Amino acid sequence: MFVAAGLMGGVAAYFGFQQWPDRLASPPAPSTLKPPKPPVNLETLKSQAESGDPAAQTTLGWIYEKGTGVRPDPTAAAKWFQKAADQNNPDGLAALGELTQAGVGVPLNLTEAARLYRLAAEQGSVAGQYDLAYLYEQGSGVIRSEADAAKWYQLAAEGGDPLAQFDIGQRYLLGVGVPTNRVQAFKWLKLAAIQGQTDAGSLLQKLKSQMTSEESVHANQFVTEFIPRAANPTARKSN
């Protein structure tokens, strides 16, 4: 995942900074999905996948995509992701969307990638939510919309994704796609920093100096009480 150059440029202007990392114009965001390490038993997994188990199909797709114990084979990865996606499996949908966005193992098709991401995102997939937000931010395969980008980044952030937390934190700081809100900006930047986002830590130091004591108390309380949606099944999903 990359931080948008335009958004970071706005943060730079806000705080008087000069240099921030640029975002590439069109690459897919790296997946938040993780292949198994190590695979339990490849032959057993293949048997389960061939019998129609969508979770096994997705896992097998990851193995071929990443080359975990096998030679990387993007065509085989796409084949198994497609089988899982055909059963509306959210992980399979998101993974196939990333290959489709990149044109790896399947033809590049940003409109189709957006469709796949949306199907995954609407089922609560954090990867699908982040990737769909990315496309809305870039205007790739969809009509560019900062409001829609913010909506999906917010949901991915609620799911615990640190880069989505970093992105939505900046948006609350600048009022991009959401109203300006220093408490929410602090909350999400702090959560991102806790998960190792060093740029978030730099922003927090500047933001703290502008917050009232009351705002700081509320923001820290939100951080303390935060439970990722994946760990809280009763949390809201997208409609």
- Message: Given axes a ≥ b ≥ c from the Cα gyration tensor, I'd like to know whether segment 143-234 is rounded (a/c under 1.5), prolate (a/b larger than b/c) or oblate.
- Response: oblate
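What is the sum of charges around residue 215, taking Lys and Arg as +1, Asp and Glu as -1, for the other residues whose C-beta is under 15 Å from the C-beta of residue 215?
Around residue 215, the surrounding residues sum to +4.
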- Message: Suppose each label sits 7 Å from its Cα in the direction of the beta carbon; what would the residue 181-residue 68 distance come out to in nanometres?
- Response: 3.6
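What is the diffusion coefficient of segment 31-144 in µm²/s, taking the Kirkwood radius over Cα pairs and the Stokes-Einstein relation at 37 °C with a viscosity of 0.692 mPa s?
So the translational diffusion coefficient is about 239 µm²/s.
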- Sequence order, segment 65-78: Karplus ³J(HN,Hα) from phi using 6.51 cos²θ - 1.76 cosθ + 1.60, θ = phi - 60°, Hz rounded, Gly and Pro as x, gives 5, 8, x, 7, x, 9, 5, x, 9, x, 5, 5, 4, 4
- Message: Within a 10 angstrom radius of the beta carbon, how do 59, 44, 224, 68 rank from fewest other beta carbons to most?
- Response: 224, 44, 68, 59
- Note on the structure: Here segment 102-118 yields Karplus 3J(HN,Hα) values (6.51, -1.76, 1.60; θ = phi - 60°; whole Hz; Gly and Pro given as x) of 8, x, 10, x, 9, x, 5, 7, 5, 5, 5, 4, 4, 4, 5, 4, 5
- Additional length obtainable on full extension of the chain from residue 143 to residue 195, 0.36 nm per residue less Cα span: 15.6 nm
- Taking the Cα centre of segment 31-144 as origin and charging only Cβ (+1 Lys, Arg; -1 Asp, Glu), how large is the dipole, in debye to the nearest 20? 160
- Message: Just want the answer: with Cβ charges of +1 for Lys and Arg and -1 for Asp and Glu, which residue in 42, 69, 121 is farthest toward the dipole's positive end in segment 31-144?
- Response: 69
- Note on the structure: Within the under-12-Å Cβ sphere about residue 84, not counting residue 84, Lys/Arg +1 and Asp/Glu -1 give a net charge of -1
- Message: I need the calculated FRET efficiency for the pair residue 46 and residue 75, taking r as the beta carbon distance and R₀ as 22 Å, to the nearest 0.05.
- Response: 0.90
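Assuming 0.36 nm per residue, please report the length gained on full extension of the stretch residue 220 to residue 112 beyond their Cα-Cα distance. Don't skip to the answer; put the middle values down first.
Details: separation 108, 0.36 × 108 = 38.88 nm, distance 4.03 nm.
That works out to 34.8 nm of additional length.
Each reported figure results from applying straightforward, stated rules to the coordinates on display, with no laboratory input. Since we're looking at a predicted model, the values are computed, not measured. Neighbour counts run over all protein chains shown; Cβ positions are idealised from the backbone, glycine included.
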